[in-house]
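See below for the structure under consideration.
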Amino acid sequence: MPPAVLVLNGPNLNLLGRREPAVYGHETLADLEAACVAAGSDLGLAVTCRQSNHEGELIDWIHAARETTAAILINAGAYSHTSQAIPDALRAYPGIIVELHLSNIYAREAFRHHSHISATATAVICGLGSQGYHLALRAVAERLAASAQHPDG
Ligand code: DQA
């Protein structure tokens, strides 16, 4: 069985392609998710994608992923800057966590410069658009392969 990876997108990301395309690009969420599934399968990962505009639903998916997945890629949208509950759920997640942002949050409004999720994440990628998701999947695949070879670290 290939290792399972959950790709979680938070609020307003369902509007990708139509929402502020100058900032977030023209690719839709469906395009992004299909590319993640395809890239995952090339890398030997079973990728599942979920999007919600609701904090509690994102938290429920993080809890469910504890038992079933090796990694979570998360773009929590504006919840990254406001939520304490999502980082708490991530602190209870034992696998690899990669925080993602399509835009470079540090080059934007001051309220976007801090993410509560970053301190819970294994790694953070921002500003590379959808390429960030692909790089994150590659990094996850390489880390999982390395830990399978050297289980004691
Ligand atoms: C975002 C950046 C956030 O500040 C914003 O609220 C989003 C998208 C990004 O992908 O660049 O919704 O997470």
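Consider ALA136 carefully, then state whether it is buried (at least 18 other Cβ atoms within 10 Å of the Cβ), among the hydrophobic types (A, V, I, L, M, F, W, C) and touching a strand residue (DSSP E or B) at 6+ places or on another chain (Cβ under 6 Å). It would help to see each step written out before you state the result.
Details: buried (at least 18 other Cβ atoms within 10 Å of the Cβ): yes; among the hydrophobic types (A, V, I, L, M, F, W, C): yes; touching a strand residue (DSSP E or B) at 6+ places or on another chain (Cβ under 6 Å): yes.
So ALA136 passes the test.
Just checking, which of ALA110, ALA145, ALA85 is within 25 Å of HIS63 (Cβ to Cβ) and of a type outside the set (Val, Ile, Thr)?
Numbers: ALA110 fails: within 25 Å of HIS63 (Cβ to Cβ); ALA145 fails: within 25 Å of HIS63 (Cβ to Cβ).
The match here is ALA85.
Restricted to segment 74-117, and to residues that are part of a strand (DSSP E or B) and within 12 Å of the ligand (Cβ to nearest atom), which residue is surrounded by the most Cβ atoms within 10 Å (Cβ to Cβ)? Talk me through it step by step, then tell me what you get.
Filtering segment 74-117 down to residues part of a strand (DSSP E or B) leaves 74-75, 96-101.
Subset that is within 12 Å of the ligand (Cβ to nearest atom): 74-75, 99-101.
On the way: ILE74: 27, ASN75: 25, GLU99: 25, LEU100: 24, HIS101: 24.
Checking each candidate, the answer is ILE74.
For segment 14-70, give me the residue count where each residue is in a helix (DSSP H, G or I), touching a Leu at 6+ places or on another chain (Cβ under 7 Å) and modelled with pLDDT of 95 or more. Spell out how you get there, then give the answer.
From segment 14-70, those in a helix (DSSP H, G or I) are 14-15, 21-24, 29-43, 55-68; that's our starting set.
Still in the running and touching a Leu at 6+ places or on another chain (Cβ under 7 Å): 14, 24, 29, 32, 36, 39-40, 43, 58, 61-62, 65.
In the following step, the residues that additionally are modelled with pLDDT of 95 or more were identified as 14, 29, 32, 36, 39-40, 43, 58, 61-62, 65.
Qualifying residue count for the region: 11.
Considering each residue of segment 1-57, count those that are of a type in the set (Ser, Thr, Tyr), touching a residue at least 40 places away in the same chain (Cβ under 8 Å) and more than 11 Å from the ligand (Cβ to nearest atom), and give that number.
Number satisfying all stated conditions: 2.
Any chance you could count how many residues in segment 58-81 are closer than 22 Å to ASN14 by Cβ and without any contact (Cβ under 8 Å) to a residue 12 or more places away in the chain? Steps first, please.
To start, the set of residues in segment 58-81 that are closer than 22 Å to ASN14 by Cβ comprises 58-65, 69, 72-81.
Cutting the leftovers down to without any contact (Cβ under 8 Å) to a residue 12 or more places away in the chain gives us 60, 64.
Of the residues in segment 58-81, 2 are closer than 22 Å to ASN14 by Cβ and without any contact (Cβ under 8 Å) to a residue 12 or more places away in the chain.
Any idea which of ARG50, ARG18 is among the charged types (D, E, K, R) and touching a helix residue (DSSP H, G or I) at 6+ places or on another chain (Cβ under 8 Å)?
Details: ARG18 fails: touching a helix residue (DSSP H, G or I) at 6+ places or on another chain (Cβ under 8 Å).
From the options ARG50, ARG18, the qualifying one is ARG50.
Inspect segment 135-146 for any residue being within 28 Å of VAL23 (Cα to Cα), within 15 Å of the ligand (Cβ to nearest atom) and assigned to a helix (DSSP H, G or I) and give the result as yes or no.
Taking segment 135-146 as the starting set, the residues that turn out to be within 28 Å of VAL23 (Cα to Cα) are 135-140.
Then keep just the ones that are within 15 Å of the ligand (Cβ to nearest atom); that gives 135-136.
This time we only want the ones that are assigned to a helix (DSSP H, G or I), so: 135-136.
Checking segment 135-146: at least one residue is within 28 Å of VAL23 (Cα to Cα), within 15 Å of the ligand (Cβ to nearest atom) and assigned to a helix (DSSP H, G or I).
The values are calculated or read from the model by the stated rules, or taken from the named source; none is laboratory data. It should be emphasised that the depicted structure is a prediction, and the values quoted were computed from it without experimental measurement. All Cβ positions, even for glycine, are placed from backbone atoms using ideal geometry, and neighbour counts span all protein chains on display.
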